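**Q** What follows is a structure written as structure tokens; I'll ask about it next.
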Amino acid sequence: MTTTNIPVVRAANTSRRAPVRALLLLLPAYALLLGVFAYPVFESMWRSVSDPQPGLDNYVWAFENSQNIGILLRTFGNAALATVICLLLAYPYAFLMTVVGPRARAWLVVIALIPFWTSLMIRTFAWIVLLQDSGVVNSFLELLNLGPVKLLRSNTGVLIGLSQVLMPFMVLPLYAVMSGIDGRLVTAARSLGARPSVAFLRVFLPLSLPGIAAGALMVFIQALGFYVTPALLGSPSDSMLAQAIYAQVSSLLQWGRGGALGVILLVSTFVLLGLVGLVARGAKKRGLAVEVFS
């Protein structure tokens, strides 16, 4: 009896120690998040209500200044437009990745991942060369008697740069979901008399909605906080909220105002995520195939 009970006791002790060991393994990651993310956020919140004096003066300034409201609306507008552009370009690209052969698919994956392997600064300067008044794009438009068009130092240039930089974050979630869709469902719909376009819109597109939701969320949130691309491709009148925060902190040394703008951006993002979550839950209750990856 004793020999059979010993392994059981040891197994029970091992199972009790497993959560403790897992917590110890997670401590370095928690410490990194606490130092790199949590502390700066709380420091910004504290400065927004204490610098230069305790109170909500920085938030009053942020909402009373019409320029700040315009920058906030422009930031969310550019992020939404960049998300739509990425979706329109990435959806057919990801769909193509699911129908070609393995070798062509590998090349398409490499092309989609190239932006990850190139410095953001290098990519942005490349766009400056392409979009300038005497650049390749305007030279081509002039050949077609369509130019020149002001692309550099404009909101159009900012959207082009944002869309190119953030495209992989839309392509990869879409491909991950599309590759898991059973093609026999579309074939069954067509065998029942549905036209190819109807089968795609009624069968394939709803099943790919989780990828659309995940990609759109990733692109939109990252576009909200972009600094380098809008700063180099846009004009001062087209600045986004990250540039306004940098100007307040670096140039004007107004840490409280910069913190207030950062907190407003953070809270606005959380509110948006909450609304998306509510919409996703409502869609699930109605039987739609929508999931938002947190």
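Only the coordinates and a few stated rules stand behind these numbers; no lab work does. The structure presented is a predicted model; accordingly, all values stated were derived computationally and were not measured. Here the Cβ is made from the backbone with ideal geometry for all residues, glycine too, and neighbour counts use every protein chain on show.
**Q** Charges only on Cβ, +1 for Lys and Arg, -1 for Asp and Glu: so what's the dipole of the chain about the Cα centre, in debye to the nearest 20? Present the calculation step by step, with values, prior to reporting the outcome.
**A** Details: 20 positive and 9 negative charges, 280 e Å.
Rounded to the nearest 20 debye, it is 1340 debye.
**Q** Output the DSSP H helices from the chain with an along-axis C-alpha extent of no less than 27 Å and a mean Kyte-Doolittle hydropathy no less than 1.0.
**A** Going by DSSP H runs, the hits are 66-99, 155-178, 255-285.
**Q** List the extent of the Cα atoms of the range 17-101 along each of their three principal axes, largest first, rounded to whole Å.
**A** Result, largest extent first: 64, 54, 15 Å.
**Q** With the crude spin-label approximation of a point 7 Å out along Cα→Cβ, what separation in nm comes out for V100 versus E64?
**A** 5.8
**Q** Something else now. May I ask you to derive the FRET efficiency for Q222 and L192 from their Cβ-Cβ distance with R0 = 45 Å, giving the value to the nearest 0.05?
**A** Step by step, r from the Cβ atoms, then E = 0.65.
**Q** How far apart, in nm, are the 7 Å Cα→Cβ label points at L32 and E142?
**A** Result: 5.0 nm between the two label points.
**Q** Further, regarding this structure: Once the Cβ-Cβ distance between F42 and L89 is put in as r, and R0 is 35 Å, what FRET efficiency do you end up with, to the nearest 0.05?
**A** Working: r = 38 Å, r/R0 = 1.10.
Efficiency at R0 = 35 Å is approximately 0.35.
**Q** Sticking with this one: If the elastic network links every pair of Cα atoms under 10 Å, which of L275, L265, L27 fluctuates the most in the Gaussian network model of the chain?
**A** Answer for the Gaussian network model of the chain: L27.
**Q** Could you let me know the centre-to-centre spacing of the range 214-268 and the range 114-149, using Cα atoms, in angstrom?
**A** 24
**Q** Along the charge dipole of the chain, Cβ charges K/R +1 and D/E -1, which of V49, F220, N65 sits furthest on the positive end?
**A** Value: F220.
**Q** Right, next: Got a sec? How would L209, L143 order by Cβ neighbour count within 10 Å, fewest to most?
**A** L143, L209
**Q** Along Cα→Cβ, 7 Å out, is where each label goes; now give me the distance between the ones at S250 and L130 in nm to one decimal.
**A** Between S250 and L130, the label points sit 2.5 nm apart.
**Q** Under a GNM of the chain (C-alpha, springs under 10 Å), which listed residue has the highest mean-square fluctuation: A80, A242, A188?
**A** Comparing A80, A242, A188 in a Gaussian network model of the chain, the most mobile one is A188.
**Q** Give the residue from S139, G180, C86 lying farthest towards the positive end of the charge dipole for the chain; charges sit on Cβ (+1 for Lys and Arg, -1 for Asp and Glu) and the dipole is referred to the Cα centre.
**A** Result: G180, furthest along the dipole toward the positive end.
**Q** Which order results if D238, D57, D182 are arranged by neighbouring Cβ count within 10 Å, fewest first? The partial results should precede the final answer.
**A** Details: D238 19, D57 16, D182 10.
Least to most surrounded, the residues fall as D182, D57, D238.
**Q** Would you mind computing Rg(Cα) / (2.2 N^0.38 Å) for the chain, counting N as its residues? Write down the numbers at each step before the final one.
**A** Details: Rg = 24.9 Å, N = 294, 2.2 N^0.38 = 19.1 Å.
Cα-based Rg divided by the globular estimate yields 1.31.
**Q** Let me ask you something else. For the chain, what is the calculated [θ] at 222 nm in deg cm²/dmol (nearest 500), taking -39500 (n - 2.57) for each run of four or more DSSP H residues and dividing by its residue count?
**A** My calculation for the chain gives -24000 deg cm²/dmol from helical runs alone.
**Q** Using the charge dipole of the chain (Lys, Arg: +1 at Cβ; Asp, Glu: -1 at Cβ; taken about the Cα centre), state which of T75, T118, V149 has its Cα farthest towards the positive end.
**A** T118
**Q** Let's test the formula: R0 of 22 Å, r as the Cβ-Cβ distance of S179 and R123. What FRET efficiency results, to the nearest 0.05?
**A** Numbers: r = 27 Å, r/R0 = 1.23.
FRET efficiency, S179 to R123: 0.20.
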